[in-house]
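The values are calculated or read from the model by the stated rules, or taken from the named source; none is laboratory data. Note that this is a predicted model, so its numbers are computed, not measured. Heads up, the Cβs are rebuilt from the backbone with ideal geometry, glycines too, and the neighbour counts pull from every protein chain shown. Keep in mind that these areas ignore ligands, DNA and RNA; they rest on the heavy atoms of the full protein, side chains included. Shrake-Rupley method; radii C 1.70, N 1.55, O 1.52, S 1.80 Å.
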Amino acid sequence: MKAKIAFIALAMAASAPAWAAEDPIGDLSKVTGLTERKVQMVLGARTAFAEYVYTYDRAYDKFIRAVGKDNYERLMNGESVALRDKDGHEYIVQIRRTVTSEDQAL
């Protein structure tokens, strides 16, 4: 029984990087040191967050310092970006962005 539990734990640990790839907001939170909510605010529609008036500029600056301006531009264009956190873990992140007809008109 203990061997079975150990095997399951080992299998879950080995597949952990695959889980991380499915959560780009969580990965960006780890890399930037921002909360997931603030990462969503920086990457998405900031007016949906009541605190954006007070915290957006600081969160945006911290995000840019952590990922770099070029990587931020790539993320916003829907491209994949490889990032490292302070512990040296590497994350490949891609934000899927939907384009509406209003965006295309601009």
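Data overview
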{"item": "Close pairs from region 46-61: first closer than 18 Å to Gly33 by Cα, partner assigned to a loop (DSSP other than H, G, I, E, B) and open to solvent by less than 50 Å² (accessible area, probe 1.4 Å), Cβ under 6 Å, at least 6 apart", "result": "Ala59/Leu34"}
{"item": "Members of region 32-68 found to be more than 15 Å from the chain's Cα centre (by Cα) and of a type in the set (D, E, K, R), listed by number", "result": "Arg46, Glu51, Asp57, Arg58, Asp61"}
{"item": "Those residues of region 38-52 which are outside any loop (DSSP other than H, G, I, E, B) and surrounded by fewer than 14 Cβ atoms within 10 Å (Cβ to Cβ), in sequence order", "result": "Thr47, Ala48"}
